[in-house]
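See structure below.
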There are 2 protein chains.
Amino acid sequence: MAVYTDISEEELGSFLDHYGIGELLSFKGIAEGVENTNYMMHTSAGPYFLTLYEKRTDRNDLPFFLGLMRHLATKGVRCPQPVMRDDGEMVGELAGRPAAIVTYLEGMWPRRPNVEHCRAVGMALAQMHLAGEDFGMERVNSLSIGDWRPLWEKSRGQAEEVEPGLIAEAEAELAFLEANWPSGLPRGVIHADLFPDNVLFLAGKPGLIDFYFACSDFLVYDLAICLNAWCFEKDHSFNLTKGMALLRGYGFVRPLSAAEIAALPILARGAAMRFMLTRLYDWINTPPGSLVVKKDPTEYLRRMRFHRGVGSASAYGLADHRADA
Amino acid sequence: MAVYTDISEEELGSFLDHYGIGELLSFKGIAEGVENTNYMMHTSAGPYFLTLYEKRTDRNDLPFFLGLMRHLATKGVRCPQPVMRDDGEMVGELAGRPAAIVTYLEGMWPRRPNVEHCRAVGMALAQMHLAGEDFGMERVNSLSIGDWRPLWEKSRGQAEEVEPGLIAEAEAELAFLEANWPSGLPRGVIHADLFPDNVLFLAGKPGLIDFYFACSDFLVYDLAICLNAWCFEKDHSFNLTKGMALLRGYGFVRPLSAAEIAALPILARGAAMRFMLTRLYDWINTPPGSLVVKKDPTEYLRRMRFHRGVGSASAYGLADHRADA
């Protein structure tokens, strides 16, 4: 929930002078999103989405994020498309911040994802991975295995206040992940944050938004993130039917290799660690008066514990392909 | 900044079954507004605005507020129009809250109101007052002179922490206002909260929104509220040119009587008191983790002090009509 930067009609009007999208009719700050400031905008040419990038988004990464959306849209992936400026750029400056306009994507994110949503998002993720194959740019994942320990060290001092015993548990898990993290899996562009609020469904068809964590990494790691994000119930139990639907939807579009299947449990543990750590950091470091709703890190601790008990990908619903087969 | 109540596509879809406004395409929580939960909604019939009324809005008042908007719209006042349900009602229930849909009003509220905005809002306020003359309903102003002392008592204990000396100053002012509050002025429907963020300008034409403080009171008290809300600079100085523009704009459409002109200074003091008191109450009683941005009560204390030094309405820019003339 975030509008960090208020803008005036005059500022926005001058900004829009560099776009060919008609006259400004209205703009309203959007409560969704925690990283950047987002406005829904109506112009005489239709609805658009305006984002002002706040400090947690590195402006040097914007050509990657926006270039990716553009690339994916031309490949038929349903996602917002950056609107070009009259200088040929996709990023301008507004209220002292980098800012971009993208087309407005209709659709609703599922507050209570069901099996059909999981199947559809699995397919959409695989389509995105295939569409990204010939995207020419790379971006290092700044929240991958090598980044977790430094992030953990920033929260370690207060970790026991959040969950007694967390220091021992997290450090054993980090050591395991560091010792066993896979290598050599198929790589490509991943979304890296495909939670339900980043998938807008319209008449059953998913559209992907918020590519601001996208990066180059193992493709199947993206699927492991989705397993965490889509297939657990509010009581933190794993829903096997949803897991099956997600994995089958993905595999229908892009079949997983045996190595990818074998790596799924540890990647799911890693994905749970990644979200536990960023939530823990925010939990500890977000000032009480902040406008951001803090997300509970222990939700991902619970998922991590579940994944620790998983022997092979069959536990996630890939019954036909045992990791040891 | 407020989305207090999240809703699902399924809930909203069922709610929309009672309206003839097409298929739901998207909805996004709006960051503006502090009292209720607001969503911007796109349907196949166009854009709409959905409000869920939270606890500070009394559901018994909704027929007044929505009926007024409907009445004003039919009289040519640019304002949102409630959409009727298939049962002939304007209010339904969504996520356990009273909820209504209104037409979406294009336009932008001025972050830095200028003289022309003040003139236009003066005219629009007077037009609203005239259009409200034959509106059949009444609603007691629950934030008028008789309500200020009980409200003050709820904050008094912590008032000195906000501004040293506030107890003596506020109580002297309350005593003066209670002893000198006018009577017999022309009454009617007032907006009672016409701040810049409640006026959406499109091509210079103002549109009025957020009628959820509207009530029956002295018409010129509404103008006194606007003097406070529109004609002070960020440094809390009074801008006489803006005052003149506001008052002349109003008087051009609905000339003020001598009694109304004479009452303007004390009504302006009262209006400053009213906003000082509600802000003070919120300042003290809003929990630190709240999503609402607290507004500084001392801004209105400063305005109150300015108004105390005003001898007649000429100080606000009504040069031709001295109160003692």
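No value in this document is a laboratory result; all are computed from the given coordinates. Keep in mind that this is a model prediction, so the values were computed, not measured. Neighbour counts run over all protein chains shown; Cβ positions are idealised from the backbone, glycine included.
Among the listed pairs B:Lys55/B:Lys234; A:Lys28/A:Lys295; B:Lys75/B:Lys205; A:Lys28/B:Lys205; A:Lys205/A:Lys242, a Cα-Cα separation exceeding 23 Å is found for B:Lys55/B:Lys234; A:Lys28/A:Lys295. The length gained by stretching the chain between B:Val140 and B:Thr74 to full extension, at 0.36 nm per residue less their Cα-Cα distance, is 21.4 nm.
Residues considered: A:Ala313, A:Ala175, A:Ala268. Largest GNM mean-square fluctuation over chain A, using C-alpha springs under 10 Å, is found at A:Ala175. Counting Lys +1, Arg +1, Asp -1, Glu -1, what net charge surrounds A:Ala214 among other residues with beta carbon under 15 Å of its beta carbon? Here the charged neighbours net out to -3. Taking every alpha-carbon pair within the protein assembly as shown, the share separated by more than 51 Å comes to 20 percent. Normalised by 2.2 N^0.38 Å, where N is the number of residues, the C-alpha radius of gyration of the stretch B:104-207 stands at 1.40. Given a 10 angstrom Cα cut-off, can you work out which residue in A:Glu173, A:Glu161, A:Glu233 is the most mobile in a GNM of chain A? So, out of A:Glu173, A:Glu161, A:Glu233, the one fluctuating most is A:Glu161.
Here B:Gly13 yields copy-to-copy label distances, from shortest upward, of 4.2 nm, the label point defined as 7 Å from Cα along Cα to C-beta.
The spread of Cα positions in the stretch B:9-103, taken along each principal axis and listed from longest to shortest, comes to 32, 29, 27 Å. In the elastic network of chain A, a GNM with C-alpha springs shorter than 10 Å, the most mobile of A:Leu227, A:Leu174, A:Leu264 is A:Leu174.
A cut-off of 5 Å between modelled amide H atoms, ignoring neighbours fewer than 5 places along the same chain, links A:Arg111 with B:Glu9. What the phi angles of the stretch A:163-180 give under the Karplus curve with 6.51, -1.76 and 1.60, with θ = phi - 60°, is a coupling list of 8, x, x, 5, 4, 4, 5, 5, 6, 5, 5, 4, 4, 4, 4, 5, 6, 10 Hz, glycine and proline written as x. Here, the stretch A:24-65 is characterised by an Rg to Rh ratio of 1.04, where Rg is the alpha-carbon radius of gyration and Rh the Kirkwood radius. A cut-off of 5 Å between modelled amide H atoms, ignoring neighbours fewer than 5 places along the same chain, links A:Leu202 with A:Met108, A:Gly207. Restricted to Cα atoms, the stretch A:183-277 shows a radius of gyration and a Dmax of 13.1, 39 angstrom. Cβ-Cβ distance of B:Lys294 and A:Ile167, R₀ of 45 Å, FRET efficiency by 1/(1 + (r/R0)^6): the value works out to about 0.75. Across chain A, the mean sequence separation of Cα contacts (distance under 8 Å, 6 or more residues apart), normalised by length, yields a relative contact order of 17 percent.
Note that the stretch A:60-139 carries a Kirkwood radius of 14.4 Å, evaluated over its alpha carbons pair by pair. Once the Cβ-Cβ distance of B:Ala203 and B:Arg59 is raised to the sixth power relative to R0 = 30 Å, the FRET efficiency obtained is 0.25.
Over all pairs of different C-alpha atoms in the stretch A:115-316, the reciprocal of the mean inverse distance, the Kirkwood hydrodynamic radius, equals 17.3 Å. Placing a label point 7 Å from the Cα of A:Asp197 along the Cα-to-Cβ direction, the distances to the matching points in the other copies come to 2.0 nm, shortest first. A point 7 Å from Cα along Cα→Cβ stands in for A:Ala258, and the other copies hold the same point at 10.3 nm, listed in rising order. Its DSSP H runs of at least 4 residues, each contributing -39,500 (n - 2.57), put the calculated 222 nm mean residue ellipticity of chain A at -13500 deg cm²/dmol, to the nearest 500. With K and R counted +1 and D and E -1, the other residues having a Cβ less than 11 Å from that of B:Gly33 yield a net charge of -4.
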